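Engineer: Here's a structure for you.
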Amino acid sequence: MKINFLKTLFLLALSTSALTSCVGDDDYVIPTVYSYAFNEGFSTSPTGSGSVEVPIALEGWVNYNAAGTRLWHARTFDDNIYAEFSSFYSATGSSDVAWLITPAIDLTATTGEALSFSTKTRFANGYPLTAFISTDYDGTTAGIATATWTPLTFTAPTANDVFVSSGAIDISDVESDNVRIAFKYTGSRAGVTTTLQLDNIKITKN
């Protein structure tokens, strides 16, 4: 009996050693922890449903339609809240130039900044979104037309119903305490009516 007991202990020790030796360095890799200069996922925005739209009204944000009356609004699906716009629900014959602009972001004390965000399309018949960066926007609706808006190049969805990351957009050469990121939906009831969903707007920093 004693021999069998010792044999069992030996086999257990051998098995444990074998399992431990199979653990590679990758099993101990520490995940990257990012530091953010800006991070907005619309999680605190009240949401609508069906035909009820609740406009995005977060502090410091500008939500404005230069051609129509409808605004970017918050929706939720699978416990995720995001901003959405679609010209499909606009009045017949109307157009939309709907701006959603971040609050002023201070990038004077940071380095290595990169912007990213996610977009998803539904019922697509054209891609309606453009994104811009500005350092001279005054935060008023009238100032949208007079500010300098530099277009940003980003990855857009190529299929419906899947959130796609914009990719990391290098904005490290922008040094200002008044950095604004703008998202502009351009469409019309008789033209592009794609449902555009926007989420996870982040600026990482060193």
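Engineer: For the range 115-156, what is the accessible area per residue in Å² when the probe is 1.4 Å?
Structural biologist: 48 Å²
Engineer: Another one. Using a 1.4 angstrom probe, figure out how much accessible area the range 162-201 has per residue, in square angstrom, rounded to the nearest whole.
Structural biologist: Averaged over the residues of the range 162-201, the accessible area is 39 Å².
Engineer: On to the next question. Could you check the simple spin-label distance between Y34 and F88, using points 7 Å along Cα→Cβ, in nm with one decimal?
Structural biologist: My value for the distance between the label points is 2.9 nm.
Engineer: Which whole number in µm²/s is D for the range 68-157 by Stokes-Einstein, with the Kirkwood Rh taken over Cα pairs at 20 °C and 1.002 mPa s?
Structural biologist: Estimated via Stokes-Einstein, D reaches 136 µm²/s.
Engineer: Suppose each label sits 7 Å from its Cα in the direction of the beta carbon; what would the T69-T155 distance come out to in nanometres?
Structural biologist: It is 4.0 nm.
Engineer: Something else: How large a share of the accessible area of the range 122-183, in percent, is made up of carbon and sulfur atoms when the probe is 1.4 Å and the other protein chains stay in place?
Structural biologist: 51 percent
Engineer: Now a separate question. For the range 128-199, with equal point scatterers placed on the C-alpha atoms only and solvent neglected, what are the log10 I(q)/I(0) values from the Debye formula at q = 0.19, 0.23, 0.25 1/Å, to two decimals?
Structural biologist: -0.93, -1.15, -1.22
Engineer: Still on this structure: Give me the number: length gained by fully extending A168 to F123, i.e. 0.36 nm times residue separation minus the C-alpha to C-alpha distance, one decimal in nm.
Structural biologist: 13.6 nm
Engineer: Could you list which residues have their amide H under 5 Å from that of N65, counting only those 5 or more apart in sequence or on another chain, with H placed in the peptide plane?
Structural biologist: It is W99, by chain and number.
Engineer: Whole-Hz ³J(HN,Hα) for each residue in the range 175-189, computed from phi via Karplus 6.51 cos²θ - 1.76 cosθ + 1.60 with θ = phi - 60°, x for glycine and proline: what do you get?
Structural biologist: My calculation for the range 175-189 gives 10, 7, 9, 9, 7, 10, 10, 10, 10, 10, 9, 10, x, 7, 4 Hz in order.
The values are calculated or read from the model by the stated rules, or taken from the named source; none is laboratory data. Computed from a prediction, not measured in an experiment: that's the story for all the values here. Neighbour counts are summed over all protein chains in view; Cβ atoms, including those assigned to glycine, are modelled from backbone coordinates with ideal geometry. SASA here: full protein model, heavy atoms, side chains in, ligands and nucleic acids out. Shrake-Rupley method; radii C 1.70, N 1.55, O 1.52, S 1.80 Å.
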